[in-house]
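The values are calculated or read from the model by the stated rules, or taken from the named source; none is laboratory data. Predicted model, so just to flag it, every value in this text is computed and none were measured. Counting neighbours? That spans all protein chains shown, and the Cβs are built from the backbone with ideal geometry, glycine included.
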Amino acid sequence: MKWSNYKYLILRRIVQLGLLFLYFAGNIYGWKIIRGTLSSSSLFGTIPLSDPFAILQMFAAGATIGANALVGALIITLFYGIIGGRAFCSWVCPVNLITDLANWLRRVLYLDKIERKVWMSRNVRYYVFGLALLVSAISGLAAFEIISPITIMHRGVIFGFGSGVGFLIAIFLFDLFVTKNGWCGHICPLGATHSIIGRFAPLSVKHNADNCTLCMKCKEVCPESQVLNMIGKRSELVTKQECTNCGRCIDVCNDDALSFTIFKSKESNDENKQNIN
Ligand code: SF4
Ligand code: SF4
């Protein structure tokens with residue numbers, strides 16, 4: 001394997017760990033680059049950033065939402081609406097470090113080869129999303145925020161871990177032994193929110209069937225392998241909103257059959273049509 005087989009993986013880890021460090025430094029050393037939590041933070045002490053799902057829950061719970069929080073949610077929605085909603089999952093969310101580790105261990109321990117005992121629809125996350133809003137409306141509290149493993153992990157790194165670490169271990173064991181990509185690929189309502197946000201993002205992965213040798217390495221490493229259903233069939237853009245734009249499929253492809261592309265342009269679509277015909 002060449003270093004280019006790890007290019008996006010290394011970049012993602014730099015971004016993920018770099019952000020965690022900046023949040024940590026904001027708390028410990030008072031750095032103002034980015035301070036707060038992933039639910040609500042400020043960039044350079046002035047630009048508000050808010051988690052749109054947290055704001056939706058607060059809205060459902062009947063809370064009064066300040067203008068700053070609304071602007072922050074709008075900024076985040078626009079940002080991920082352009083680069084792909086679930087880029088949050090693979091480039092920012094700290095829980096991804098745990099679930100990627102479980103996914104990697106599944107592959108090296110050949111656990112993927114064991115007959116699957118539990119099947120779960122990948123749409124469960126959208127029901128959990130709706131349920132979190134319903135419970136917020138009934139309880140008057142931002143329900144998912146109370147138990148969110150993303151908050152537990154993020155606050156743990158910045159302020160120190162408490163008993164919530166048990167939830168993180170449970171997610172790791174669930175992903176490792178029960179369902180591949182169980183949490184992020186099936187259950188997490190924040191991932192669902194970001195899927196919806198990124199529905200029409202111009203940045204996406206493009207598959208070139210002419211170069212493809214059908215090695216299927218991309219589908220092996222993809223945390224949302226259903227989005228690569230065109231492999232072996234036709235050249236096509238990955239248009240499914242669950243793609244995390246992690247770039248792992250591009251990293252592992254030695255045949256130059258996958259790449260990032262911006263703007264789902266007429267040119268790209270025409271090219272795809274020609275390849276299909
Ligand atoms: S699916 Fe949820 S836990 Fe997983 S990376 Fe995305 S936001 Fe984080
Ligand atoms: S298609 Fe590629 S970029 Fe998208 S989630 Fe799968 S591996 Fe990541």
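The condition of being under 24 Å from residue 51 (Cα atoms), within 14 Å of ligand 2 (Cβ to nearest atom) and surrounded by fewer than 21 Cβ atoms within 10 Å (Cβ to Cβ) holds for only one of 203, 237, that being 203.
Contact map, segment 219-237: residues that are not assigned by TED's automatic domain parsing to the domain that holds residue 101 and within 16 Å of ligand 1 (Cβ to nearest atom) paired with residues that are among the hydroxyl-bearing types (Ser, Thr, Tyr) and part of a helix (DSSP H, G or I), Cβ distance under 8 Å, separation 6+ or inter-chain. Pairs shown: 223/90; 223/99. Is there any pair with a first residue in segment 22-42 that is free of Cβ contacts under 8 Å to residues at least 24 places away in the same chain and in the same structural domain as residue 148 (by TED's automatic domain parsing) and a second that is assigned to a strand (DSSP E or B) and surrounded by fewer than 17 Cβ atoms within 10 Å (Cβ to Cβ) whose Cβ atoms are under 7 Å apart and which are 6 or more apart or on different chains, and what are they? Going by the 7 Å Cβ cut-off, the qualifying pairs are 34/43. For segment 208-218, the criterion of being more than 16 Å from ligand 2 (Cβ to nearest atom), in contact (Cβ under 8 Å) with a residue 40 or more places away in the chain and over 18 Å from residue 126 (Cβ atoms) is met by at least one residue. Is there a residue being over 24 Å from residue 121 (Cβ atoms) and in a helix (DSSP H, G or I) anywhere in segment 169-189? So far as segment 169-189 goes, yes, one or more of its residues are over 24 Å from residue 121 (Cβ atoms) and in a helix (DSSP H, G or I).
Here residue 147 fulfils each of the conditions (1) surrounded by fewer than 16 Cβ atoms within 10 Å (Cβ to Cβ); (2) over 20 Å from the mean Cα position of the chain (by Cα) apart from (2). Where strands (runs of 3 or more DSSP E) fall entirely within segment 1-119, those with at least 1 residues that are more than 19 Å from the chain's Cα centre (by Cα) and β-branched (Val, Ile, Thr) are at 34-36, 47-50. Contact annotation: residue pairs with Cβ atoms under 6 Å, 6 or more positions apart or on different chains, pairing a residue in segment 70-89 that is outside the structural domain of residue 240 (by TED's automatic domain parsing) with a partner that is of a type in the set (Ser, Thr, Tyr) and more than 16 Å from ligand 2 (Cβ to nearest atom), are 72/50; 73/50.
Residues that are of a type in the set (A, V, I, L, M, F, W, C) and under 17 Å from the mean Cα position of the chain (by Cα) within segment 194-217 comprise 196, 197, 200, 201, 203, 205, listed in sequence order. Among the residues of segment 125-138, those that are surrounded by 17 or more Cβ atoms within 10 Å (Cβ to Cβ) and within 24 Å of residue 90 (Cβ to Cβ) comprise 125, 128, 129, 132.
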